[in-house]
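Notes to accompany the following structure.
We did not get these values from a lab; they are worked out from the coordinates using the rules stated. None of the values given here were measured: they were computed from a predicted structure. Cβ: placed from backbone, ideal geometry, glycine included. Neighbour counts: every protein chain shown.
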Amino acid sequence: MHKVPFEDVILTGDAWSSLKRETPWGQVPVLEVDGKMLAQSRTIMAYVGRVTGLHPEDPFAAAKVDEFCDTVEESNLALGSFSPRRNQPRGRLTSAAAWHCAAERSA
């Protein structure tokens, strides 16, 4: 991730059950930085964008990136209700796609 070391932790079964109570909203994704947790995909994407310098410093350009990411997220939510994989966990592709879009637009 833009030359920033990170650990991608995949939670399953019992591991998720024990961690769920410790997450800010009882859900994932969660980004842990120096023992502090951030939740919600868009919040995490914005934080990572700012830390890595991929999120524009210009307020209007940053707002346009946010606008685009919100549109991608809303589209994914609307399309998710039509997904044949409705009972499978979602979020990873949505977050990755939105983050990629934000990174590309800010480059």
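So how do 37-49, 6-18 stack up, highest first, on mean other-Cβ count within 10 Å?
37-49, 6-18
Measure off 7 Å from each Cα along the Cα-to-Cβ vector at K20 and L79, then give the distance between these two points in nanometres to one decimal.
2.9
Suppose R0 equals 25 Å. What FRET efficiency, 1/(1 + (r/R0)^6) with r the Cβ-Cβ distance, do E67 and T43 give to the nearest 0.05?
Values: r = 16 Å, r/R0 = 0.64.
Once rounded, the FRET efficiency stands at 0.95.
Just rank L19, L79, fewest to most, by other beta-carbon atoms within 10 angstrom.
Result, fewest neighbours first: L79, L19.
Enumerate the lysines that K20 could reach by cross-link, defined here as Cα to Cα under 23 Å, with residues fewer than 8 away along the same chain left out.
K36
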